[in-house]
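Before any comments, here is the structure.
The values are calculated or read from the model by the stated rules, or taken from the named source; none is laboratory data. On a predicted model such as this, the values are computed, not experimentally measured, just so you know. Here the Cβ positions follow ideal geometry from the backbone for every residue, glycine too, while neighbour counts run over all protein chains shown. We work out accessible area using only protein heavy atoms, side chains counted, and drop any ligands, DNA or RNA first. Shrake-Rupley method; radii C 1.70, N 1.55, O 1.52, S 1.80 Å.
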Amino acid sequence: MVLLYSEFLYQVYNLSADLFNFIIYILALFTLLNFRVFKEEYKWILIAIIGFALFEVLMSSVILLGITDNRFFNNPYAVFTILTIGIWYSKVINSKSINWIIVAIGSLFLFIMFYQIAIPTSPLRGFNNSIILFGLIIFMSFIVHRKLAKSPKIKNLKQEPLFWFNLSFLIYSLLKLIFKPITDAITPISDDLAFIMGTIKNLSDPIFYFLLAVGLYKLKSQTFRPIASLWP
């Protein structure tokens with residue numbers, strides 16, 4: 001049998017996904033061992049990391065069982081992400097006007113997602129809902145970064161755990177938005193190109209986990225400062 005794609009590239013793509021998924025398990029374990037440092041608003045980061053790891057375990061288990069359609073977990077995963085990260089950012093930013101924007105955009109995301117599920121023939125069926133999710137996270141992370149950069153109470157930005165947690169969500173969302181349309185365009189052209197792009201896209205996960213780990217290290221290695229104390 002002659003394959004229409006490179007078996008090597010296919011294996012590299014699968015290996016990269018498995019390897020990078022393993023990193024979140026290590027990060028989740030490290031997070032659990034240091035759960036006491038996650039105080040006040042940072043508790044939502046704790047919930048998010050543990051939730052990410054649990055969803056990855058569930059999705060990997062489904063694949064091992066031979067079930068390739070993981071939409072049953074993807075949709076709850078997306079709901080969990082937008083709720084936990086949205087709530088965290090709303091508490092960090094602490095602005096009524098921004099909170100209304102977060103609620104409005106988050107509600108739009110959930111409406112479109114459930115509408116696509118309920119009505120498969122809907123014109124919105126092919127709409128990439130992740131644009132809304134990652135766009136919202138980018139919007140919130142820019143606001144937080146601006147507040148951090150302007151705060152006179154912060155002497156060294158890179159020493160603040162909030163800076164690293166916020167940076168992790170910003171970079172991850174930007175990479176996802178960049179790679180998604182490229183991957184969609186390449187896949188119909190060549191399976192091999194799709195495997196190469198998929199492997200590169202998978203690199204966004206370890207970058208994300210690394211930045212979260214740096215934030216955890218900063219949170220663990222210094223005296224706790226409430227986020228509210230960072231703002232004027």
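Table for the structure above
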{"item": "HN-Hα J in Hz across the stretch 25-32 - Karplus 6.51, -1.76, 1.60, θ = phi - 60°, x for Gly and Pro", "result": "5, 5, 4, 5, 5, 4, 5, 4"}
{"item": "Estimated [θ] at 222 nm from DSSP helical runs (n ≥ 4, -39500 (n - 2.57)) normalised by residues in the chain, nearest 500", "result": "-26000 deg cm²/dmol"}
{"item": "Per residue accessible area in Å² of the stretch 95-187, where ligands, DNA and RNA are left out and the probe is 1.4 Å", "result": "55"}
{"item": "The stretch 181-212 and the stretch 1-61: distance between their alpha carbon centers, rounded to Å", "result": "16"}
{"item": "Cβ-placed point charges (K, R +1; D, E -1), dipole of the chain about Cα centre in debye, nearest 20", "result": "1420"}
{"item": "Rounded, prolate or oblate (a/c below 1.5 giving rounded, otherwise prolate when a/b exceeds b/c) for the stretch 115-232 by Cα gyration tensor", "result": "prolate"}
{"item": "Estimated vicinal HN-Hα couplings, Hz - the stretch 152-158 in sequence order (Karplus 6.51, -1.76, 1.60; Gly, Pro = x)", "result": "x, 7, 10, 8, 10, 4, 6"}
{"item": "Accessible surface of the chain, 1.4 Å probe, proportion on carbon and sulfur as whole %", "result": "70"}
{"item": "Local electrostatic count at Thr223 - Lys and Arg +1, Asp and Glu -1, tallied over other residues with Cβ under 13 Å", "result": "+3"}
